[in-house]
Amino acid sequence: FSQCVKRVVEETVPMMSIDYKEMINYIESKTDDELLKHTPRLLQGWVNTYVFSKAMCESMIQEEYGSLPICVFRPSIVLSTYKEPVRGYIDNLYGPVGLLVGSGHGIIHCSLMSMENNMESV
């Protein structure tokens, strides 16, 4: 989830400790090596740059367009496409797709998982 650092994901925009404009300016002013060195501090507790960027984007949308009716769609796991660019297109076998394809081809016969957990996918 885009707010995986929270136990409960509410329909609220996450509060970020830095403004998105400041973050853009900071990133543009640093070298790749400097950014790699400072990434853990910049993430502000987010688990990786992917979820951090999603939270930052939601914050930007709220700041710039908060007066408009906005819907934020937060998919948990995005799978292959329906028709674009071709029906069933997918370019990798990472995550749940690899498990599904492996099971479908008879390569994977069992998988360790918890019955208390659910997988939500789009």
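So here's what we get for this one:
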quantity	calculated
Residue match in segment 1-19 (condition: loosely packed, with under 12 Cβ neighbours inside 10 Å, modelled with pLDDT of 90 or more and either of a type outside the set (S, T, Y) or within 16 Å of the chain's Cα centre (by Cα) (or both))	no
Pairs where the first residue, in segment 1-26, is farther than 13 Å from S53 by Cα and the second is exposed (fewer than 11 other Cβ atoms within 10 Å of the Cβ) and not small (G, A, S), C-beta under 9 Å, 6+ apart	V5/V47
Boolean, E63 is surrounded by 10 or more Cβ atoms within 10 Å (Cβ to Cβ) and among the charged types (D, E, K, R)	yes
Members of segment 11-30 that are over 18 Å from V47 (Cβ atoms) and in a loop (DSSP other than H, G, I, E, B)	E11, T12, V13, D19, S29, K30
Some residue of segment 29-50 being at pLDDT below 90 and farther than 30 Å from T12 by Cβ	no
Residue match in segment 79-92 (condition: in a helix (DSSP H, G or I) and either under 22 Å from the mean Cα position of the chain (by Cα) or assigned by TED's automatic domain parsing to the domain that holds S121 (or both))	no
Test: T39 is farther than 30 Å from S111 by Cα, of a type in the set (S, T, Y) and not assigned by TED's automatic domain parsing to the domain that holds S111	yes
Test for I77: is it without any contact (Cβ under 8 Å) to a residue 12 or more places away in the chain and either among the β-branched types (V, I, T) or under 21 Å from S121 (Cβ atoms) (or both)	no
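The values are calculated or read from the model by the stated rules, or taken from the named source; none is laboratory data. All values derive from a computational prediction rather than experimental measurement. For neighbour counting, all protein chains shown are included, and Cβ atoms are generated from backbone atoms with ideal geometry for every residue, glycine included.
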